[in-house]
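The structure appears below as structure tokens.
The values are calculated or read from the model by the stated rules, or taken from the named source; none is laboratory data. Remember, predicted model here, so these are calculated numbers, not experimental data. Note that we place each Cβ from the backbone using ideal geometry, even for glycine, and neighbour counts take in every protein chain shown.
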Amino acid sequence: MNMDSLSPIILSLVTFIPAAGGLLILLIPRRDRDIKLFALVISILAFVASLHLPVHLHRDHNLFKFEIDKIWIASPNIHYHMGIDGISLWLVVLTTFLTPLCVLISWTSVHERVKEFFILLLILETALIGVFTSLDLFLFYFFWEATLIPMALLIGMYGHGRKVYAAVKYFLFTMIGSMFMLAAILWLYAKTGSFDFAVIQSAIRSGTVPGFEHASLWLFLGFFIAFAVKVPLFPLHTWLPDAHVEAPTAGSVLLAGVLLKMGTYGLLRFDVGLFPEQARRNAPWIMVLALIGIIYGALVSLVQPNMKKLIAYSSVSHLGFVVLGIFSFTTAGLNGAVFVMLSHGVATGGLFMLAGLIYERRHTYEIAEFGGLATPMPKYATFFLVTVLASVGLPLMNGFIGEFLVLSGAFQARPIYGILAATGVIWSSCYLLWMYQRVFYGKVTHEINNTLPDLNLREKTALSPIAIAALVMGVAPLVWLSAIDPAVQRYALAPVTQLASRMVGR
Amino acid sequence: MTIVAAFAHSLPALLAQAQPFQAPPLADYMRILPELVLSLFGMLIMIVDPLLDQENSHQSLGTLAFIGTLAALASTFWMAQYPGTAFSNMVRVEGFSVFFHFLVIAIAAVAILSSFEYLKVQRIRAGEYYGLILLGTVGMCLMSSAIELVLIFIALEISSISTYVLAGFRRRDGASSESSLKYFLLGSFATAFFLYGVALMFGATGSTSIDTISQVLRSGNVPVLAYVATALMFVGLGFKVASAPFHVWTPDVYEGAPAPVVGLMSTGPKAAAFAVLLRVMFEANAPGRFWLIWVSAALTMTLGNVGALVQSNVKRLLAYSSIAHAGYLLTAFAAQPELGTSAAMFYTAAYAAMNVGAFAVISHFANAGEKYVALEDYAGLGRRSPVLAATLTFFLMSLIGIPITGGFFAKFYVLSAALKSNLVGLTLILVLNSAVAAYYYLRIIVMMYMREPRGVVPVTRIPAAAGLAIAVCVLATLYLGVVPGRVLDYAAQSARDLISARTVPAVSSASLAPKP
């Protein structure tokens, strides 16, 4: 069979396989083992299907690949328009890569309402992929909102501690933010008569949108608030530690690994893509916020007694790098930003999985409860070390590539930004390595820790892909960057040159 | 002075109209076929009722009533084949009225289905109950097709009086009587306002026919009296749709009335009243409506949402939520006529589907004597009754406005109509309000899924009838949320017919004056 013939429908397949699987689980009787196995098979199937995308990515002139454009609702003019470029391609693969691992990691930690758990997880996966593949603003909003309920329920139903508080806070923060985006989307529709990303973009570029000059700042901000909440950018980050700490492990992995990237992806695709002038005009203060996020997140991480909270705040810091890279508007910065999204997804996803494994054994995240774990759990310690090193950005690991590119981009934009951001790298090695030392080295301080079982086969299976991906992405980043670079070049940087030429032409 | 002058002016026209009596043609009866069918079934039920055994009549009478609504639905399709005016320009069949006929009768059908079990447990006499629902529905149907203010008033009264009585059907409960009496007193007061408005409108324009009023008001030179008339009619209709500041009755009445009746009266009469409001505001081109509606819409949604935030009784909470939704709907009335009408029509349909559904679930759950209507009673419902909880969650998601539900598209169309009409301020108020609203709907979802069950709240099996009612609502909400195209096209087309036909200045109504 010619695999190319799949190309027009492959995006729909990848997007909807998980949800279809979720609906099928509804029909399976409540035998937990069957449900888990089925969810695993479905998520692996989605992953395999998504591998079609990088393999068959043709280098042609179209900006978006694998496009499908059908009319969903004739009036208002809403299309089922999907397509990906080098930016969204890897985010889709990241989502499908992390979900099977989430299924594996939840195998024993979820023991009641198992059926609902896996249905929610798979529906969440569909919504996440949909966010990255839709090219119709309406469709995008549709999927964006559709991630809300499954995630909130995962936190609220399967979390621990103040889970309800965390779930409601997460829901309301995101909901309120995205209402502003909806208003902005509707304004664009009212003026252009289309929800199609490309149509709106070209209408804005050709200056045929009435009243755009006055509204552009507000539109930019409308989108920006929705995305900044999700990233989360300082000072809108307060929902994140709560949501992370109380969420079940799989929820944390997807939250850190993919959901936060919805925000940075949105900034890049919509804020920068639709409003290039406003994005550049507002870049200084956004970069300052990103810098505050980098340093503040790192400093707060440093003093966290709770392992999961530490990782959560480290996300604030890492995502600051992404925003910094995007708004530096340099080739290196943008490439780096997209790469950090991926490497953070892998590394922090891994850290949350590891934290979840220890929680399953000891039912606590307190760092003080551990110490000397390397003796009873050597394999666990090894995996943890690899992931920590990936996260702190050790050369030859994936974290390094992205952060390096972002930093060099930031230097080009303004040296002081680069210098300040570089301290973030130092801080991150401080808090992560210090935590590693406190948890794994020294003598075993609590007797109970001596009896902890090391990783079993299932857990090793779940963690190995993370470790391998972290290493491969660090050694051969070009595999990823070769798809990312043309996309950001044409996408985020090209408008500037066009803009400049238009201004000169006047 | 003006009244007398206007009356004197229109007197020749009125006299010219007075012709010797002629039996209306058969097509005229076709144009009120659903009303006839419903009245017939309503009377039939009341005749059959004394013949049946009191204890076992619930099932058979309910089935009869349900068949009545099905027959009425079928006759609506028949009626749709006969577009045009009937009975000397009193009633008009067009896309708009067919839409609301269908909606109102479907609401009644679902309300009847969800009452089966309720009546049995509450030991309510079924004959009167179902008879009143069917007769009330006649009034609602007539409200949507009447194009004559006096007939509208009569239809309004038919529907209102039935609902006043229905609200008091839990006779053993003081709250229900309170609810009924409050509704009756305030409702009559409000209807009086409406009637006063009609009288003044007649004074201002010399006619009670909407076509003529529209013609006069469009011809420029709008008398001050017409503004007053608009305001007064808005007071009357504002009460019926529970818009601020005439909304205060809603929570008390909803709390006391039987749950299936609340499902009916929070949607059916409301939809009909919105239909009248659309006719009066847009079709008749009421003067000075913009700020009236703007202020009322902003107030309604804000007060509704703020009120809902602090409720601990689910029925009261949904009462406040329905006030808020009336506010969202009113936003569409401030938009351009055509956009606003179609958005409002779609919203009424989506709102009806989700709200009737939510109340069907609640009335099943509240069950024995409506004991379990506190928010705490919903704790752990997700575990004990997954299906019931999942459907209620779905309806609540629709009320929040999450995608793949009808509520999402409804809000979406209203927002986009408002933005196209450059109502940025009102849009922002709506956006902020729906963000606030998410919180209290979420409280119910949180209760059901994230709290442990407290005490013993019995969950009985869902009986077939209620199950069917809930399933219909879920499907309707889903249909409107996934493929809203057809309904929206229909709404847009009928809005075009309703508005555009009349914005052309020289078009006059057929019987009063010959076409130029």
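Among the candidates B:91, B:121, B:104, single out the residue that is surrounded by 24 or more Cβ atoms within 10 Å (Cβ to Cβ) and among the β-branched types (Val, Ile, Thr).
B:104
All but one of (1) touching an Asp or Glu at 6+ places or on another chain (Cβ under 9 Å); (2) closer than 24 Å to residue A:386 by Cα; (3) modelled with pLDDT under 85 hold for residue A:499; state the number of the condition that does not hold.
All conditions are met except number (2).
Quick one: is residue B:407 part of a helix (DSSP H, G or I), within 21 Å of residue A:150 (Cβ to Cβ), in contact with an Asp or Glu (Cβ under 9 Å, 6 or more places away or on another chain) and not hydrophobic (A, V, I, L, M, F, W, C)?
Taking the combined requirement at face value, the residue does not satisfy it.
Hey, which of the helices (runs of 4 or more DSSP H) in the range A:28-144, taking only ones fully inside, have at least 1 residues that are more than 19 Å from residue A:342 (Cβ to Cβ), of a type in the set (D, E, K, R) and away from every other protein chain (no Cβ under 14 Å)?
Here the list reads A:32-55.
If you go through the range B:280-292 one residue at a time, how many are in contact (Cβ under 8 Å) with a residue 40 or more places away in the chain and either over 16 Å from residue B:194 (Cβ atoms) or not in a helix (DSSP H, G or I) (or both)?
Of the residues in the range B:280-292, 8 are in contact (Cβ under 8 Å) with a residue 40 or more places away in the chain and either over 16 Å from residue B:194 (Cβ atoms) or not in a helix (DSSP H, G or I) (or both).
From B:470, B:499, grab the single residue that is on the phi < 0 side of the Ramachandran plot, among the aliphatic types (A, V, I, L, M), more than 10 Å from chain A (Cβ to nearest Cβ) and buried (at least 23 other Cβ atoms within 10 Å of the Cβ).
Checking each option against the conditions leaves just B:470.
Report, by residue number, each residue of the range B:381-393 that is facing chain A (nearest Cβ under 10 Å) and out of contact with any Phe, Trp or Tyr (no Cβ under 7 Å at 6 or more places or on another chain).
If the condition is that a residue be facing chain A (nearest Cβ under 10 Å) and out of contact with any Phe, Trp or Tyr (no Cβ under 7 Å at 6 or more places or on another chain), then B:383, B:386, B:390, B:393 are the ones that fit.
Would you be able to tell me the number of residues in the range B:182-198 that are free of Cβ contacts under 8 Å to residues at least 40 places away in the same chain and either buried (at least 17 other Cβ atoms within 10 Å of the Cβ) or more than 25 Å from residue B:151 (Cα to Cα) (or both)?
Qualifying residue count for the region: 2.
I want to confirm something. Restricting to the range B:428-439 and keeping residues that are without any contact (Cβ under 8 Å) to a residue 60 or more places away in the chain and either under 18 Å from residue B:296 (Cα atoms) or basic (Lys, Arg) (or both), which single residue is nearest to the other protein chains (Cβ to nearest Cβ)?
This residue is B:431.
What about residue A:180, is it assigned to a helix (DSSP H, G or I), within 14 Å of another protein chain (Cβ to nearest Cβ), on the phi < 0 side of the Ramachandran plot and surrounded by fewer than 23 Cβ atoms within 10 Å (Cβ to Cβ)?
Against the criterion (assigned to a helix (DSSP H, G or I), within 14 Å of another protein chain (Cβ to nearest Cβ), on the phi < 0 side of the Ramachandran plot and surrounded by fewer than 23 Cβ atoms within 10 Å (Cβ to Cβ)), residue A:180 qualifies.
Inspect all residues belonging to the range A:183-194 and state whether any of them is outside any helix (DSSP H, G or I), more than 7 Å from chain B (Cβ to nearest Cβ) and either surrounded by fewer than 22 Cβ atoms within 10 Å (Cβ to Cβ) or touching a helix residue (DSSP H, G or I) at 6+ places or on another chain (Cβ under 7 Å) (or both).
Within the range A:183-194, one or more residues are outside any helix (DSSP H, G or I), more than 7 Å from chain B (Cβ to nearest Cβ) and either surrounded by fewer than 22 Cβ atoms within 10 Å (Cβ to Cβ) or touching a helix residue (DSSP H, G or I) at 6+ places or on another chain (Cβ under 7 Å) (or both).
Identify, by number, the condition in (1) over 17 Å from the mean Cα position of the chain (by Cα); (2) part of a helix (DSSP H, G or I) that residue A:229 doesn't meet.
(1)
Could you check the range B:473-491 and list, in sequence order, the residues that are within 19 Å of the chain's Cα centre (by Cα) and either facing another protein chain (nearest Cβ under 10 Å) or over 15 Å from residue B:399 (Cα atoms) (or both)?
If the condition is that a residue be within 19 Å of the chain's Cα centre (by Cα) and either facing another protein chain (nearest Cβ under 10 Å) or over 15 Å from residue B:399 (Cα atoms) (or both), then B:487, B:488, B:490, B:491 are the ones that fit.
Since residue A:339 meets every condition but one in (1) buried (at least 24 other Cβ atoms within 10 Å of the Cβ); (2) out of contact with any Pro (no Cβ under 9 Å at 6 or more places or on another chain); (3) among the aromatic types (Phe, Trp, Tyr), which condition does it not meet?
Of everything listed in (1) buried (at least 24 other Cβ atoms within 10 Å of the Cβ); (2) out of contact with any Pro (no Cβ under 9 Å at 6 or more places or on another chain); (3) among the aromatic types (Phe, Trp, Tyr), residue A:339 misses just condition (2).
Of the residues in the range B:399-412, how many are under 23 Å from residue A:193 (Cβ atoms) and facing chain A (nearest Cβ under 8 Å)?
Summing the residues that are under 23 Å from residue A:193 (Cβ atoms) and facing chain A (nearest Cβ under 8 Å) in the range B:399-412 gives 3.
Give the range B:240-249 a look and list any residue that's surrounded by 24 or more Cβ atoms within 10 Å (Cβ to Cβ) and in a helix (DSSP H, G or I), or say none.
Result: B:240, single match.
List pairs: first in the range B:243-269 and in contact (Cβ under 8 Å) with a residue 12 or more places away in the chain and within 16 Å of residue B:365 (Cβ to Cβ), second assigned to a helix (DSSP H, G or I) and aromatic (Phe, Trp, Tyr), Cβ under 6 Å, 6+ apart or cross-chain?
B:259/B:359; B:260/B:118; B:262/B:254; B:262/B:359; B:263/B:359
Which one of these is in a helix (DSSP H, G or I) and over 20 Å from residue B:108 (Cβ atoms): B:469, B:465, B:492?
Being in a helix (DSSP H, G or I) and over 20 Å from residue B:108 (Cβ atoms) holds for just one of B:469, B:465, B:492, which is B:492.
Residue B:142 versus (1) surrounded by 24 or more Cβ atoms within 10 Å (Cβ to Cβ); (2) touching a Phe, Trp or Tyr at 6+ places or on another chain (Cβ under 9 Å): which is the lone unmet condition?
Of the numbered conditions (1) surrounded by 24 or more Cβ atoms within 10 Å (Cβ to Cβ); (2) touching a Phe, Trp or Tyr at 6+ places or on another chain (Cβ under 9 Å), the odd one out for residue B:142 is (2).
Yes/no per residue for (1) closer than 30 Å to residue B:175 by Cα; (2) surrounded by fewer than 24 Cβ atoms within 10 Å (Cβ to Cβ):
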{"residue": "B:332", "(1), (2)": "no, no"}
{"residue": "B:337", "(1), (2)": "no, yes"}
{"residue": "B:344", "(1), (2)": "no, no"}
{"residue": "B:378", "(1), (2)": "yes, no"}
{"residue": "B:392", "(1), (2)": "yes, no"}
{"residue": "B:411", "(1), (2)": "no, no"}
{"residue": "B:429", "(1), (2)": "no, yes"}
{"residue": "B:435", "(1), (2)": "no, yes"}
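For the range B:47-61, does any single residue satisfy the condition of being within 13 Å of residue B:128 (Cα to Cα), at pLDDT below 90 and surrounded by 22 or more Cβ atoms within 10 Å (Cβ to Cβ)?
Yes, because at least one residue in the range B:47-61 is within 13 Å of residue B:128 (Cα to Cα), at pLDDT below 90 and surrounded by 22 or more Cβ atoms within 10 Å (Cβ to Cβ).
Determine which single condition residue B:460 fails, assuming it passes every other condition in (1) surrounded by 22 or more Cβ atoms within 10 Å (Cβ to Cβ); (2) among the polar types (S, T, N, Q); (3) more than 10 Å from chain A (Cβ to nearest Cβ).
It fails just one condition, (1).
Can we say residue B:415 is at pLDDT 85 or above, surrounded by fewer than 17 Cβ atoms within 10 Å (Cβ to Cβ) and facing chain A (nearest Cβ under 8 Å)?
No; evaluated as a whole, the condition is false for this residue.
Of these, B:423, B:396, B:442, B:375, which one is more than 11 Å from chain A (Cβ to nearest Cβ), touching a helix residue (DSSP H, G or I) at 6+ places or on another chain (Cβ under 9 Å) and of a type outside the set (Lys, Arg)?
B:375
Go through the range A:155-175 and give me each residue that's among the basic types (Lys, Arg) and either buried (at least 24 other Cβ atoms within 10 Å of the Cβ) or within 7 Å of another protein chain (Cβ to nearest Cβ) (or both).
A:163
Within the range B:100-142, count every residue that is free of Cβ contacts under 8 Å to residues at least 60 places away in the same chain and outside any helix (DSSP H, G or I).
Residues that pass the stated criteria total 1.
Are any of the residues in the range B:392-411 touching a residue at least 40 places away in the same chain (Cβ under 8 Å) and of a type in the set (Lys, Arg)?
yes
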